[in-house]
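Reviewing the structure listed below.
Quick note: the coordinates plus some simple rules give every number you see, no bench work behind them. Being a predicted model, the structure only gives us computed values, none of them experimental. Note that we place each Cβ from the backbone using ideal geometry, even for glycine, and neighbour counts take in every protein chain shown.
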Amino acid sequence: MKVIFRKTSLLLLGALMSISAAQAQKSPLDMDRFIDALMKKMTVEEKIGQLNLPVTGDITTGQAKSSDVATKIEKGMVGGLFNLKGVDRILEVQKLAVEKSRLGIPLLFGMDVIHGYETIFPIPLGLSCTWDMAAIQRSARIAAIEASADGISWTFSPMVDISRDPRWGRVSEGSGEDPFLGGAIAQAMVYGYQGANQEEQLRRNDEIMACVKHFALYGAGEAGRDYNTVDMSHNRMFNEYMYPYEAAVEAGVGSVMASFNEVDGIPATGNKWLMTDLLRDKWGFQGFVVTDFTGISEMIEHGVGDLQTVSALALNAGVDMDMVSEGFVGTLMKSIKEGKVRMATLNTACRRILEAKYKLGLFDNPYKYCDVNRPKRDIFTKEHRDEARKIAAGSFVLLKNDASVLPLKKQGTVAVIGPLGNSRSNMPGTWSVAARLNDYPSLYEGLKEMMAGKVNITYAKGSNLIGDAAYEERATMFGRSLNRDNRTDKELLDEALKVAAGADVIVAALGESSEMSGESSSRTELGLPDVQHTLLEALLKTGKPVVLTLFTGRPLTLNWEQEHVPAILNVWFGGSEAAYAIGDVLFGDVNPSGKLTMTFPKNVGQIPLFYNHKNTGRPLAEGKWFEKFRSNYLDVDNEPLYPFGYGLSYTTFQYSDIALSMPTLGKDGSVTAVVTVTNTGKHDGAEVVQLYIRDLVGSITRPVRELKGFNKIFLRAGESKTVFFKITRDLLRFYDYELNYVAEPGDFDIMIGGSSQAVKTARLTLK
C-alpha cells in the first residue's frame, strides 16, 4: 500500500492543479505550478539531494537495493546518477527512487555518450572534418536513439571547446580551432540529441538531454597541459572562444557543464560572472549547470577554500548540480544555517533540476526510458552501422597522394603493417565508454573480409606502439591494450619486411593509440613514436608503394612523412565501422572529402598555430622564410604543414573568380558572393567550398581571415556547380574594445576556396 500511495501522490498532485502530466509538458505555466506544489512538500535535505550526482559504481541487476547508493536514493539524497549502463539496471534503480523514496521523484541517468553509444562514430575532431552538419546531426540522433533505448536520458555532450594547441589531448573531443564552424557543429549536435524543433524538444522517448561543455575556455590551457590555467582578455574570449557555447544555448541545450580551469583567476565552477552574469543574464540560458567530475572539491586544490567554502561558492555562482564531490549534500545545510547560502539560492537550483526532469517527461512517466524491449530493436542495428560507416569515410582527410597511389587496385597482395593494424579495441577512439570493443573488426580483419576473393590481405605488427613500455602502458588504458609484443624490435621488423616482400602495396597502420589522445593525454612531442618511424623508414626502403594510414586524435608533426611517403590518409579514429570505411576509401569506393579543422604544424615550436591569427606590425612577406627584424623563426618558416580547411581528393576542383551581386553593402541589405566550382578530374567527388572574410581596418586589430561560410557539394567528373554565399551585416560583426557587438564601415576582402589559403578574392565595402 505504501508504494501505491507514493505513486498516486504525484498523480493527485497533478489533479489538484487541474492538469495532466502530458499537458504540463506543453505549458511553462503548468510546469511552474507543478514544481511549486512539489517543492512545498520537500524538506531542505530533499532539495539538497536533488543537486547531488554521484557515480554508481558497478551495480549489477538484482543488486541495486543492496548498493551504497540505494540508501541515499531512498532518503531522497540523489538527483541523478551517471555511467550506469543497461536498461535493466537503470529500471531497477529508477524504481528505488520512484517507489521507495518519500516523494517518488525520478532520477536523471547520464552517460558520456560522446560520439555514439554502441554504434560509434568518428571522434568529434574527425566528425568535424566532414564539414557536413546534416551528417553530424544524424550521428547525434542515432546516439540518442541507442542511449535512450538503454535507459539513458542525459548525455555529457557536445564538447565545444575551441583549441589551437594539439599538445592538449582533448582536441580529439572537440571540433577544432574555429568558432564559426564550432558553433554550427554545437547546434547540429544539440538538435540531434534533443530534437530539431525547439518547441518540441525532449518529448519523444528517443530524445535525450544534451550538456554543452566545458564552460568555459577549457581548450586554452597553458602549455597544452590538461586542467591547466587559462588567462586571456575578455575581448579574445568573445571574439575567438565563446561563440560555440552561446550557439548551443541558442539551440536550446538543456544543461551546461562547468570547466576545470580558472577564468579571470576564479575557477569556472565557482565563477559567478561566468555562470550567472554571462550564461544566464546575458545569453538567457534556462537549463541547469552541472560540475565536471569532482569539480567542486578540486577548487580546494585551486586554493580558494575548504569544502564548505567552495561548495557555497559554486552554488552562489550559479552551479546547480554537484558531480561526485558531495560538497552540496555534505555542507549546504551548515552553510544555510550560517547564512553563507540563502534558501532562495537553494530553491532556485533545486527548481532547475526538477524542471529538467519535467521537460524530459519523467514526472509523467518515470520509466519513459526504461522499455526493456528497445535495446534489441534500436541498438547497434545494421541501419545505424551503415550510417556510421558512411560518415566515417567522409571524415578521413587525404593529406598526400603522389603519383595517384590511391585508390588501390582491387587485385594482388596488400600488406597491412603496423601496431594499429590489427587492434579491434583501438578503432573506436577515446571516450567511447559504451563501445562493444570485440564486435568491431580491426583494419586487417575488415580489409580481409571486404576483399575476400579479390585481394590477398596479409599482416605483420612490425613494431610496438612505442619503444618505452611504461609509455605504452599509459597510452593504452581502459581496455585498449595493444598487447605489447615481447620480441625484439629487430624480430618484429624482420617479420614485417618478410611480409612486405610478398606484397604489391603496403598499408602502414601507424600513429597514436586511442588513449594516446583524449583526457589527461597531453604530449610535448607530436611526431610518430620512435619504433614506428623506424618501421616506416624500412618499409619505404623496400621500394613498394606505401600508404600511411594514420590513426590519430590530434594534429601531428609529419614533416619527414610528407617529404618521403607517397600517400598519407588521416583516418583519425573512425568508430565502430572504421575498418570498413577505411577500406571503402583505400580501394576507391568512396572518394575522400574530409577537410582539416585544426592546423597541422611543422613542429611543436610553432604552437599555437592557427589560421585566423592577427598580423603583427612587422609581418613576414608572403612566400618568405626569414627576414631580419620581421616576425619569424630562424629554423623554420611561419607556414603550417597542412593548413586549416585543407584536404585532397582523388579528383581535382577548379574555382572561378568571385562575383559579388554588388560592391557595397548597406545598413540592412545583403550581398551575394558567387563562385563556380568545376570537377576537373576523372573521379566523382565532394568539395567543401569555404568562405573567408578579412576586415581590413578596424577599431581594434582584426584577424587575417575568418571563416564565415561553407558548403559541401558533390560533383560528377566534369560537372560544374555555382555556389552562393549571402553576406549580411551580421556576418561582419565582432566585439570591439568595449565589448559592443558591432560591424564597422570599411573594406572587406571576400575569399573563397578549398582551404583557408583560398586564393580567389573580391573586395566588399560596408557603408
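Once label points are set 7 Å from the Cα along Cα→Cβ at both residue 724 and residue 83, what is their separation, rounded to one decimal in nm?
5.0
So how long is each side of the chain along the principal axes, counting just the alpha-carbon atoms, biggest first, in Å?
That works out to 79, 66, 49 Å along the principal axes.
How long are the semi-axes of the ellipsoid equivalent to the range 662-717, from square roots of 5 times the Cα gyration tensor eigenvalues, in whole Å, largest first?
Over the Cα atoms of the range 662-717, the ellipsoid semi-axes are 31, 15, 9 Å.
Which net charge results when you count Lys and Arg as +1 and Asp and Glu as -1 among the other residues whose beta-carbon is under 14 Å from that of residue 667?
0
If every alpha-carbon in the range 377-604 counts as one equal scatterer, what log10 I(q)/I(0) does Debye give at q = 0.10, 0.16 1/Å?
Each listed q maps to, in turn, -0.40, -1.12.
Only bridges with both residues in the range 377-604 count here: give the DSSP antiparallel percent, nearest 5.
Around 15 percent antiparallel, to the nearest 5.
What does the charge count around residue 536 come to, taking other residues whose C-beta lies under 13 Å from its C-beta (Lys +1, Arg +1, Asp -1, Glu -1)? Please list the in-between numbers first.
Values: positive: 541, 544; negative: 530, 537, 561, 563.
Cβ neighbours under 13 Å give a net charge of -2.
Compare the peptides 576-587, 652-663 by average per-residue count of other Cβ atoms within 10 angstrom and give them in order, highest first. List each step's numbers first, then the result.
On the way: 576-587: 25.9, 652-663: 14.7.
Ranking, from highest mean packing down: 576-587, 652-663.
Could you compute the FRET efficiency for residue 483 and residue 439, with r as their C-beta to C-beta distance and R0 at 22 Å, rounded to 0.05?
Efficiency at R0 = 22 Å is approximately 0.75.
List the residues, sorted by chain then number, that are 5 or more residues from residue 82 or on another chain and whose placed amide H is less than 5 Å from its amide H.
Result for residue 82 returns 56, 110.
All other residues with a Cβ under 12 Å from the Cβ of residue 555 taken together, and with Lys, Arg as +1 and Asp, Glu as -1, what is their net charge?
+2
Residue 664 to residue 365: extension gain in nm, 0.36 nm per residue of separation minus the Cα-Cα distance?
Stretched out fully, the residue 664 to residue 365 stretch lengthens by 102.0 nm.
Given a cut-off of 31 Å, name the pairs among 100/382; 595/726; 272/337; 40/376 whose C-alpha atoms lie farther apart than that in the structure shown.
100/382; 40/376
Sticking with the crude label model, points 7 Å out along Cα→Cβ, report the distance from residue 342 to residue 530 in nm, one decimal please.
6.1
So how do 214-220, 559-565, 72-78, 626-632 stack up, highest first, on mean other-Cβ count within 10 Å?
Answer by packing, highest mean first, reads 214-220, 72-78, 559-565, 626-632.
Per-residue HN-Hα couplings for the range 524-539, Karplus 6.51 cos²θ - 1.76 cosθ + 1.60 at θ = phi - 60°, whole Hz, x for Gly and Pro?
Karplus values, whole Hz, x for Gly and Pro: 9, 10, 10, x, 4, x, 3, 5, 5, 5, 4, 4, 4, 4, 5, 5.
Rounding to the nearest 10 and keeping the result within 0 to 90°, find how far the Cα-based axis of helix 489-501 lies from the longest principal axis of the chain.
Approximately 60 degrees, to the nearest ten.
Determine the percent antiparallel among the DSSP beta bridges restricted to the chain, to the nearest 5. Working shown, then result.
Values: 49 of 87 bridges.
Rounded to the nearest five, the antiparallel share is 55 percent.
Projecting each Cα onto the charge dipole of the chain (Lys/Arg +1, Asp/Glu -1 at the beta carbon, about the Cα centre), which of 251, 607, 643 comes out farthest on the positive side?
251
Stick to the Cα atoms of the range 651-766, pair each with every other, and give me the Kirkwood hydrodynamic radius in Å at one decimal.
After inverting the mean inverse Cα-Cα distance, the result is 14.9 Å.
When 1/r is averaged over all different Cα pairs and the result inverted, which Kirkwood radius in Å belongs to the range 563-654?
Radius from the Kirkwood sum: 16.0 Å.
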